[in-house]
1. Counting only GluC sites (Glu not before Pro) that are in a DSSP loop and have at most 11 other C-beta atoms within 10 Å, tell me the longest site-free stretch of the chain.
2. Measure of size requested: the Rg and Dmax of region 23-72, with Cα atoms as the atom set and Å as the unit; please supply both.
3. Once both labels are modelled 7 Å past Cα along the beta-carbon direction, what's the SER23-GLN37 spacing in nm?
4. Less than 15 Å Cβ to Cβ from ASP34, Lys/Arg counted +1 and Asp/Glu -1: what total charge do the surrounding residues give?
5. How much length would be gained if the chain were fully extended between ASP500 and LEU471, taking 0.36 nm per residue of separation minus their Cα-Cα distance, in nm to one decimal?
6. With +1 on the Cβ of every Lys and Arg and -1 on the Cβ of every Asp and Glu, and nothing else charged, how large is the dipole of region 400-509 about its Cα centre, in debye rounded to the nearest 20?
7. Give the carbon-plus-sulfur fraction of the accessible surface of the chain in %, rounded to a whole number; probe 1.4 Å, heavy atoms of protein chains only.
8. Straight-line reach from LYS117: which lysines have Cα under 17 Å away, leaving out those fewer than 8 places along the same chain?
Amino acid sequence: MSEDIFKKIVSHCKEYGFVFPSSEIYDGLGAVYDYGQMGVELKNNIKKYWWDSMVLLNENVVGIDSAIFMHPTIWKASGHVDAFNDPLIDNKDSKKRYRADVLIEEYLAKIDDKINKEVEKAAKRFGESFDEAMFRQTNQRVLDQQAKRDQVHTRFAEALNENNLDEIRQIIIDCEIVCPISGTRNWTDVRQFNLMFATEMGSTADGAMKVYLRPETAQGIFVNFLNVQKTGRMKVPFGIAQIGKAFRNEIVARQFIFRMREFEQMEMQFFVRPGEELQWFSKWKETRMKWHKALGFGDQKYRFHDHDKLAHYANAATDIEFEMPFGFKEVEGIHSRTDFDLSSHEKFSGKKIQYFDPELNKSYTPYVVETSIGVDRMFLTVMSAAYTEEQVEGSESRVVLKFPPALAPIKLAVLPLLKKDNLPEKAREIIDSLKFDFKCQYDEKDSIGKRYRRQDAIGTPYCVTVDHQTLQDNTVTIRYRDTMEQERVAIDKLSDIISDKVSLKTLLKKLN
Ligand code: GAP
């Protein structure tokens, strides 16, 4: 059912100019996508919401924009050359390649589903008197499934932490996980696969240098730590924010823009005193969750998921997960990265990277708390939450994207009732007076009903209709996307009605 909705969202994104497969006329390029005329507006609004929440609302957070290409030693220092790997496994019959860890995670998720179904069935059977906690503790079928899950989960977490590829394969065999295509268990060994794209810089005659396309934007921040700290006279604690492209040669690239090979990240590295990192980690966890929830998609759609396997640089890590049509999935990571990156760059570059703390009267390597969110995953979150199919009057239905108005690509559509009698000119006049504040769209084709549907489908919160009465008394009909209610208002009131609702400021104020 939800998978169905997901397919509909993907085709809606294409049909209405949000997201196109890259290089489509050449049959596409795996896991690479282009944003269309609506998509780019939505994406820019998401980025602005994030950027302003970081650099406007926090006096001690500043932004940068570092280059995608960086000195190759940076990726040695960061650990990406040696450790930025995914375990892959092939099925010998279907010749399909999978991420071994994902196969096991999906197996665990299936057990969770079974348990939840038992609970749901019982809840229906017992009605009001149902005690879920008691049921989970006493029902034998649930207990058996839970024990099985816990056992596999413990083995899996240990294997990941020890990088034990043979054990990961053995778990796949023992759990009788089959290839979804061939249905067989004819698996190869598990191998590590580095996710970084490499290319060459400079001509061969000059001696070309192997460089990488950055797999995260964070390193551009670390290597600029001293530049920003010194030129900005920043005092610890402070943060550096950045939005930019990142590239990963993902083994399995499915689920549309959820896992891409070229994507965009919004990352903030917050530099703190050693020993204070876990306090800041909690603070940023809370702040970031608030940012998500302020969009009003429903608090129950979010949860934290602590990492089973900590990355080589972290002493605490959690994900913010959102309930996508295909289940709860990671949208953002919050990581306590210790002093790993700055210390490592100090070692590899031979340059001292320390901060003199005037209050403590000593120098140290700051610790780092990172918040890292994918723009594209956030885009998918917004799309999934906004996509709504509704029955309207009788048998008619509509697809409406219920975007928070501040994120909507178009804020206002202006529609002349007829293509004559000076109504188009009047409509243009309204757009000309409002276009400095809001992204407006003019549409005169087809019936008003059809035009409303088109605006619903791209999530425009307000439609204004210009009719003959407008010419006499300068009033228009404004129609609200979510309620479909209409009212007659004066043209000079339009700006006031709309501006508060569509302004990012209103959204940002919820975060203070
Ligand atoms: N600097 C830390 C870092 O990059 P990550 O958990 O690997 O951490 C952070 O990535 C976020 O970037 C993820 O939560 C996700 O939103 C996004 N992301 C990562 N890989 C992605 C991919 N292949 N496609 C789209 N978004 C991705």
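The values are calculated or read from the model by the stated rules, or taken from the named source; none is laboratory data. All figures in this text were calculated on a predicted structure; none of them were measured in a lab. Here the Cβ positions follow ideal geometry from the backbone for every residue, glycine too, while neighbour counts run over all protein chains shown. Protein only, heavy atoms only, side chains kept; ligands, DNA and RNA dropped before computing areas. Shrake-Rupley method; radii C 1.70, N 1.55, O 1.52, S 1.80 Å.
1. Longest gap between qualifying sites, sites excluded: 177-358.
2. Here Rg and the maximum Cα pair distance are 16.1, 48 Å.
3. Here the answer is 2.6 nm between the modelled labels.
4. Counting the neighbours of ASP34, the net charge comes to -3.
5. Stretched out fully, the ASP500 to LEU471 stretch lengthens by 7.8 nm.
6. 460 debye
7. After summing per-atom areas, the C and S share lands at 48 percent.
8. In chain and number order, the partners are LYS148.
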